[in-house]
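Comments concern the structure below.
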Amino acid sequence: MRLSPGRRPHAACLCVAAAGAELGSLPLADPSLLSMTGPSGAAAVLVALALVGCAVHLWASPQQHLYSGGAAIALGLLSYPLANLGGFLLGMFLALIGGALALAWQPVEDEPNPPGAAPTAPGQHSGTEARSGG
């Protein structure tokens, strides 16, 4: 996994998806008890599903990373009162870090020259031609 800029924000997707998995793991550990936990259990599951949805959206549509990153940060902050102190703070911090990484991610523009090749100006030789001794 590269943490440098690329075609997709890998680290942001991983953090946001891990936050959703962590926030949803406690309420869904025993689904038969979900009806007894009431609105807080349902809210935790909804926040977890929304974070996983943000991760999928971030992976599928990286050009809209600002929307997914902002939503991940907002959901991370909402998880503190709604989902067991933000999944015992771990899920909340993962969502905040993943959202911040998504907001900071910059796509790489396609390079016209292959990697490692020096750019050439019009009228200059690329250096791959044999030089004549003189």
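The values are calculated or read from the model by the stated rules, or taken from the named source; none is laboratory data. Treat the numbers as computed from the prediction; the structure is a model and nothing was measured. Ideal geometry is used to build each Cβ from the backbone, glycine not excepted, and the neighbour counts take in all protein chains shown. With ligands, DNA and RNA removed, areas are computed over all heavy atoms of the protein, side chains included. Shrake-Rupley method; radii C 1.70, N 1.55, O 1.52, S 1.80 Å.
So is residue 57 in contact with a Phe, Trp or Tyr (Cβ under 9 Å, 6 or more places away or on another chain) and either basic (Lys, Arg) or without any contact (Cβ under 8 Å) to a residue 24 or more places away in the chain (or both) or not?
So residue 57 passes the test.
Which is of a type outside the set (Lys, Arg) and out of contact with any Leu (no Cβ under 9 Å at 6 or more places or on another chain), of 83, 50, 74?
Result: 74 is the single residue among 83, 50, 74 that is of a type outside the set (Lys, Arg) and out of contact with any Leu (no Cβ under 9 Å at 6 or more places or on another chain).
Among residues belonging to the stretch 60-86 that are among the polar types (S, T, N, Q) and open to solvent by less than 50 Å² (accessible area, probe 1.4 Å), point out the one that is nearest to the chain's Cα centre (by Cα).
Among those that are among the polar types (S, T, N, Q) and open to solvent by less than 50 Å² (accessible area, probe 1.4 Å), it is 68.
Quick one: would you say residue 43 is part of a helix (DSSP H, G or I) and at negative phi?
Yes: the conditions hold for residue 43.
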